[in-house]
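*Asks:* Okay, here's the structure, questions in a sec.
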Amino acid sequence: MKILRFLVINIIFLFIIVTIISLFIPSHVRISRAVNMSASASGVLQEVDDIAKWKYWYPGFDTLKAEPRQTKDDKLISVKIPGTIVTITGDTKDEVVAEFKSGNKNPVISGWKTVVYSHTDSLTLQWYLDFRLRWYPWEKFTSLLYEKTYGVQMEAGLNNLKKIAER
């Protein structure tokens, strides 16, 4: 009985320590990648603001079963993929923003922003992912791996998009 009580107290103490440490990890995480390309901003964003075109450049999107949900101006702006609803929530001349909503989790915001430099003939396309985390320790510690998990996919997607836009 003493051993069981000792184990329970240690487990509770360990959970409290881990929770306190996790409170020092930010609850907002942004991962960002950028690429320079010789293309027009409108041409690049045309590939991004229509989810139907994502299968040509977005890593892994070509193998997903995407069920169309909503169109606007002949563009697919909302789809349901297994476990997630993807919706384009913002579309301006220099930025496209999409929301990835999975169940009761906080949505992940994905954005593509173009920066055009007046003295050059190229532009920079920045792709970012915004994660809003709850206080749960496992969410906070998992966020430390997001850079390695999503960063490689984002770089591949930007390079695919660069090839398409520079044609």
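*Asks:* Report the net charge of residues surrounding I85, where surrounding means a beta-carbon distance below 14 angstrom and charges are Lys +1, Arg +1, Asp -1, Glu -1.
*Replies:* Net of charged neighbours comes to +3.
*Asks:* Among the trypsin sites (Lys or Arg not before Pro) in region 1-102, which ones are in a DSSP loop with at most 10 other Cβ atoms within 10 Å of the Cβ? Mind listing them?
*Replies:* K65, K93
*Asks:* Something else now. For T89, enumerate residues with amide H under 5 Å from its amide H, sequence gap 5+ or separate chain, H modeled in the peptide plane.
*Replies:* Under 5 Å from the amide H of T89: V97, A98, E99.
*Asks:* Continuing with the same structure: What are the residues whose amide H is under 5 Å from the amide H of R69, where those residues sit 5 or more places off or on another chain and H is modelled from the backbone?
*Replies:* It is S78, V79, K80, by chain and number.
*Asks:* Sort out the exposed loop chymotrypsin sites (Phe, Trp or Tyr not before Pro) in the chain (DSSP loop, at most 15 other Cβ within 10 Å) and tell me the longest stretch that has none.
*Replies:* After excluding every exposed loop site, the longest remaining stretch is 25-116.
*Asks:* Right, something else. Taking θ as phi - 60°, what are the ³J(HN,Hα) couplings along region 157-167 by the Karplus curve (6.51, -1.76, 1.60), each to the nearest whole Hz, with x for Gly and Pro?
*Replies:* Calculated HN-Hα couplings, in order: x, 5, 5, 4, 5, 4, 4, 5, 5, 8, 5 Hz.
*Asks:* Normalised by the residues of region 27-165, what does the relative contact order come to in percent, with Cα pairs under 8 Å and at least six apart?
*Replies:* 33 percent
*Asks:* A follow-up question, please. Please list, in order along region 20-31, the HN-Hα scalar couplings obtained from phi with the Karplus expression 6.51 cos²θ - 1.76 cosθ + 1.60 (θ = phi - 60°), rounded to whole Hz, x for Gly and Pro.
*Replies:* Each residue of region 20-31 in turn: 5, 4, 5, 5, 7, 8, x, 8, 10, 10, 10, 10 Hz.
*Asks:* Just to be sure I follow the rule: in region 27-165, considering lysines 8 or more places apart or on different chains, how many pairs have Cα atoms under 12 Å apart?
*Replies:* Lysine pairs meeting the criterion: 5.
*Asks:* Let me ask something else. Give the distance, in whole Å, between the Cα centre of region 19-37 and the Cα centre of region 80-109.
*Replies:* Their Cα centres are 18 Å away from one another.
*Asks:* Then there is this: For the chain, set up a Gaussian network in which alpha carbons nearer than 10 Å are linked by springs, and say which option among D62, D74, D94 fluctuates the most.
*Replies:* With Cα springs under 10 Å in the chain, the top fluctuation among D62, D74, D94 is at D74.
*Asks:* Sticking with this one: Give me the number: length gained by fully extending N159 to R5, i.e. 0.36 nm times residue separation minus the C-alpha to C-alpha distance, one decimal in nm.
*Replies:* Contour length minus Cα-Cα distance gives 49.8 nm.
*Asks:* Using the Karplus curve 6.51 cos²θ - 1.76 cosθ + 1.60 with θ = phi - 60°, what ³J(HN,Hα) values do you get for each residue of region 119-136, in whole Hz, with x for Gly and Pro?
*Replies:* 8, 10, 9, 10, 9, 10, 10, 9, 10, 10, 10, 10, 10, 9, 9, 7, 6, 4
Values in this text are rule-based calculations from the coordinates and carry no lab data. Since we're looking at a predicted model, the values are computed, not measured. Every residue, glycine among them, receives a Cβ derived from its backbone with ideal geometry; neighbour counts consider all protein chains shown.
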